[in-house]
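Single-structure report; data block below.
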Amino acid sequence: DYPLTSYPAGDQDWAAWQYDRPDLREGLVQVFRRAASPFVSALFRLRALDPEATYRVTSLDGGESQELTGRELAEDGFPVTLARRPDSGVWTYRRV
């Protein structure tokens with residue numbers, strides 16, 4: 001398990017965690033936008049991924065999916081947009 005943010009102290013902070021299952025080549029990302037956050041989107045750099053592999057990332061809330069490389073997810077970050085305050089989202093990723 002990897003925290004993707006520092007421990008949030010206030011209502012304006014985002015909080016995110018990554019739960020990686022290397023034995024299954026998949027994992028889960030859980031993100032929370034707090035009630036006073038002025039930010040609609042954020043980038044989270046994922047960890048423990050193969051930079052040369054492709055991963056299918058799927059929203060458990062809406063079902064949308066996209067394919068990104070491990071390098072993109074680790075270096076550029078996983079983009080998350082949460083329009084409401086507060087809001088949350090959960091995504092799974094699986095090596096293709």
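The values are calculated or read from the model by the stated rules, or taken from the named source; none is laboratory data. Remember, it's a predicted structure, so these values are computed and weren't measured experimentally. Accessible surface is based on the protein model in full, side chains and every heavy atom, while ligands, DNA and RNA are left aside. Shrake-Rupley method; radii C 1.70, N 1.55, O 1.52, S 1.80 Å.
Between VAL29, VAL40, VAL80, the residue with the greatest mean-square fluctuation in the GNM of the chain (Cα pairs under 10 Å linked by springs) is VAL40. Heavy-atom accessible surface of the chain, averaged per residue, reaches 61 Å², computed with a 1.4 Å probe. Potential lengthening of the chain between GLN30 and ARG45 amounts to 4.1 nm, from the contour at 0.36 nm per residue minus the alpha-carbon distance.
What is the chain's relative contact order, in percent, from Cα pairs under 8 angstrom and six or more apart in sequence?
Values: 215 pairs, mean separation 30.1, N = 96.
The normalised contact order for the chain reaches 31 percent.
Springs between Cα atoms under 10 Å define the GNM used for the chain, and in it the highest mean-square fluctuation of ARG71, ARG56, ARG84 occurs at ARG84. In terms of the ratio Rg/(2.2 N^0.38 Å) built on C-alpha atoms, what value belongs to segment 1-62? Compared with the compact-globule rule of thumb, segment 1-62 sits at 1.25.
Could you give the length gained by full extension between GLU64 and GLU52, i.e. 0.36 nm per residue of separation minus their alpha carbon distance, to one decimal place? Before the final figure, lay out each step's value.
On the way: separation 12, 0.36 × 12 = 4.32 nm, distance 2.29 nm.
So the chain would gain 2.0 nm between GLU64 and GLU52.
Viscosity 1.002 mPa s, temperature 20 °C: Stokes-Einstein D of segment 13-96 from its Kirkwood Cα radius, in µm² per second? Present the calculation step by step, with values, prior to reporting the outcome.
On the way: Rh = 12.9 Å.
Taking Rh from Cα pairs, D becomes 166 µm²/s.
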